[in-house]
Amino acid sequence: MTVEAALVLCGVLAFLALGVEVVMLVIGQLRCTDAAREAARLVARGDSARASTAVAAMAPAGAELVVRQDGDTASVEVGARRWLIDLRARAYAVLEPGVADEGSPAVADAK
């Protein structure tokens, strides 16, 4: 094997490793998006405890859940960090009748 072939092989392997990492970042972002959507749906139903459980199960490891209620709407943000990149997703939902009266701002950690 020549030196040139060895260098090309190293370059190809580095390129493949970078490609795999990009795919993992995209998958992590999709997992954050799915977890935020599911958590917003559960918060809208008045089930904040299950929202934390759902985020812990669906989002990447170490993800954080932030829930804010403003009147009859809830916003949910799920964030995780992978390498030096912050993955974040937000979802909004209108609270069901009866839930808006009991709600208050809440922050949960889904680690």
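See the values below:
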{"item": "In the stretch 12-41, residue farthest from the chain's Cα centre (by Cα) [restricted to those that are within 13 Å of LEU65 (Cα to Cα) and among the aliphatic types (A, V, I, L, M)]", "result": "ALA40"}
{"item": "Residue count, the stretch 8-40 (criterion: touching a strand residue (DSSP E or B) at 6+ places or on another chain (Cβ under 8 Å) and surrounded by fewer than 17 Cβ atoms within 10 Å (Cβ to Cβ))", "result": "2"}
{"item": "Filter result for SER52 (modelled with pLDDT under 95, under 16 Å from the mean Cα position of the chain (by Cα), under 17 Å from TYR92 (Cα atoms) and surrounded by 13 or more Cβ atoms within 10 Å (Cβ to Cβ))", "result": "yes"}
{"item": "Hits in the stretch 54-87 (condition: among the basic types (Lys, Arg), in contact with a strand residue (DSSP E or B) (Cβ under 9 Å, 6 or more places away or on another chain) and closer than 12 Å to CYS32 by Cβ)", "result": "ARG81"}
{"item": "Whichever residue in the stretch 75-99 is among the acidic types (Asp, Glu) and in contact with a Gly (Cβ under 8 Å, 6 or more places away or on another chain) and, among such residues, is farthest from ALA63 (Cα to Cα)", "result": "GLU96"}
{"item": "Enumeration of residues in the stretch 62-89 that are in contact (Cβ under 8 Å) with a residue 40 or more places away in the chain, of a type outside the set (Lys, Arg) and under 20 Å from LEU25 (Cα atoms)", "result": "GLY62, ALA63, GLU64, LEU65, GLU77, VAL78, GLY79, ALA80, TRP83, ILE85, LEU87, ALA89"}
{"item": "Scan of the stretch 38-69 for residues that are farther than 14 Å from PRO97 by Cα and among the acidic types (Asp, Glu), ordered by number", "result": "GLU38, GLU64"}
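The values are calculated or read from the model by the stated rules, or taken from the named source; none is laboratory data. The structure presented is a predicted model; accordingly, all values stated were derived computationally and were not measured. When we count neighbours, we look across all protein chains shown, and the Cβ atoms used for this are built from the backbone with ideal geometry, even at glycine.
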